[in-house]
Amino acid sequence: MHVLIAIGPEERHGYAIMREIVRMTEGATRLGPGGVYTTIRRLLDDGLIEECDERPDPELDDQRRRYYRLTGTGRAVAGAEVRRLESLVRAARPWALEAVE
């Protein structure tokens, strides 16, 4: 799910996906190339992401990079997961925060 959410509304290549995962988890989650590219292959096979034909900025880009974006199904799956996690946090918040105080 980290890879799917890291791609989000943008087109990203593998290394950018790895950096975005580190950023959005504040360093708590780090996926190496093997983990990211295995997940990318699975997401491609499942129809949740697709490879982009266009390049964001050809002059600044390395042609060896492959860019990926969410499909409609991928956006729906990511949205459903966000709603599920929000619901879980809402349910836990009343008692979980008391334990911290």
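Descriptive notes on the structure:
- When the residues of segment 44-66 are filtered to those that are exposed (fewer than 10 other Cβ atoms within 10 Å of the Cβ) and of a type in the set (Asp, Glu), the one that is modelled with the lowest pLDDT is 59.
- Some residue of segment 23-39 being in contact (Cβ under 8 Å) with a residue 60 or more places away in the chain and at positive phi: no
- Residue in segment 67-75 that is among the aliphatic types (A, V, I, L, M), surrounded by 10 or more Cβ atoms within 10 Å (Cβ to Cβ) and at pLDDT 95 or above present: yes
- Conditions (1) loosely packed, with under 11 Cβ neighbours inside 10 Å; (2) among the β-branched types (Val, Ile, Thr); (3) at pLDDT 95 or above; number of the one not met by residue 100: (3)
- Scope segment 17-43; condition at pLDDT 95 or above, crowded, with 16+ Cβ neighbours inside 10 Å and closer than 24 Å to residue 76 by Cβ; matching residues: 17, 20, 21, 36, 37, 39, 40, 43
- Given (1) at pLDDT 90 or above; (2) part of a helix (DSSP H, G or I), number of the condition residue 93 does not satisfy: (1)
The values are calculated or read from the model by the stated rules, or taken from the named source; none is laboratory data. Remember, it's a predicted structure, so these values are computed and weren't measured experimentally. Cβ sites come from the backbone with ideal geometry, for glycine too, and all protein chains shown count toward neighbours.
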